[in-house]
Amino acid sequence: MTTLVTDRARIPLSRGRFHAAVVAGSPGLRESLARVLTSLGAADVTAVGLVSETRTLGRGSLASLAVVESQLPDGSGIAAVEQLRSLGWSRTVLLSQATDPFTVRGALMAGARCFLVTSRPAPPTQPTGPADPGVEQLSAREIEVLRLVADGRSNKDVGDSLGLSALTVKSHLARIARKLGTGDRAQMVAISMRAGVVT
């Protein structure tokens, strides 16, 4: 019996008694993670490379474990974790290079049981200021929307990346505006960047 210790819980990995999934953009990383999971006793490992492909993994169970990369070619690993959770994958591990508390909180709020930092990111070029009180009220989904808005994406593009309609994205932005005290997209992004939520 191997146990992976996390911030929230202990995840027991009984040899030969659990099914595993890997969601990672790089084929090399998928293969590497699959080998690790097999060595831990996974009965089988299914690997996909996109958020949109997570539904092909089917329903999970209490004996299922998924390892998800934080940045995927078609969206965020947090979105993949949310989708997996809706499919019954209750044990998910998110691999990320980010160490800021907002990313960690977003992952845990999405349902990740474990957050693993894969390597230390480069130091920020500009110091971040104190967090705006409204930033701390943002949900994991709202943070994801903000990060895509910061890339200059339209509501439709943001929706396509997160599997949402443009109208739902508009609703998220309205809630973000209330929390941050501004409806201006540039100001929302600026506030979030000062707080370290968006880089």
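List of remarks:
- The set of residues in segment 56-91 being assigned to a loop (DSSP other than H, G, I, E, B) and among the hydroxyl-bearing types (Ser, Thr, Tyr) consists of Ser61, Ser70, Ser90.
- Single condition Thr118 does not satisfy, out of (1) farther than 19 Å from Leu65 by Cα; (2) modelled with pLDDT of 70 or more: (1)
- Among the residues of segment 78-98, just one is open to solvent by less than 10 Å² (accessible area, probe 1.4 Å), of a type in the set (Gly, Ala, Ser) and within 18 Å of Val45 (Cα to Cα), namely Ala80.
- When residues of segment 136-183 are limited to those that are among the charged types (D, E, K, R) and outside any helix (DSSP H, G or I), the one least open to solvent (accessible area, probe 1.4 Å): Arg153
- Of all residues in segment 65-77 being more than 12 Å from the chain's Cα centre (by Cα) and within 12 Å of Cys114 (Cα to Cα), the one that is surrounded by the fewest Cβ atoms within 10 Å (Cβ to Cβ): Leu65
- Scanning segment 99-113 for residues being in a loop (DSSP other than H, G, I, E, B), touching a residue at least 60 places away in the same chain (Cβ under 8 Å) and buried (at least 19 other Cβ atoms within 10 Å of the Cβ) gives a total of 1.
- Residue check, Leu62 open to solvent by 30 Å² or more (accessible area, probe 1.4 Å) and within 13 Å of the chain's Cα centre (by Cα): no
- Number of the exception - Ser39 against (1) closer than 18 Å to Glu69 by Cα; (2) at pLDDT 80 or above: (1)
- Selection status of Gln126, modelled with pLDDT of 80 or more, surrounded by fewer than 21 Cβ atoms within 10 Å (Cβ to Cβ) and within 28 Å of Ala190 (Cβ to Cβ): no
- Test: Ala43 is in a strand (DSSP E or B) and either in contact with a Ser or Thr (Cβ under 6 Å, 6 or more places away or on another chain) or β-branched (Val, Ile, Thr) (or both): no
- Hits in segment 184-199 - residues which are open to solvent by 40 Å² or more (accessible area, probe 1.4 Å), assigned to a helix (DSSP H, G or I), in contact (Cβ under 8 Å) with a residue 24 or more places away in the chain and of a type outside the set (A, V, I, L, M): Arg185, Arg194
The values are calculated or read from the model by the stated rules, or taken from the named source; none is laboratory data. Everything numeric in this text was worked out from a predicted model, so none of it was measured. Cβ sites come from the backbone with ideal geometry, for glycine too, and all protein chains shown count toward neighbours. Note: areas computed on protein heavy atoms with side chains; ligands, DNA, RNA excluded. Shrake-Rupley method; radii C 1.70, N 1.55, O 1.52, S 1.80 Å.
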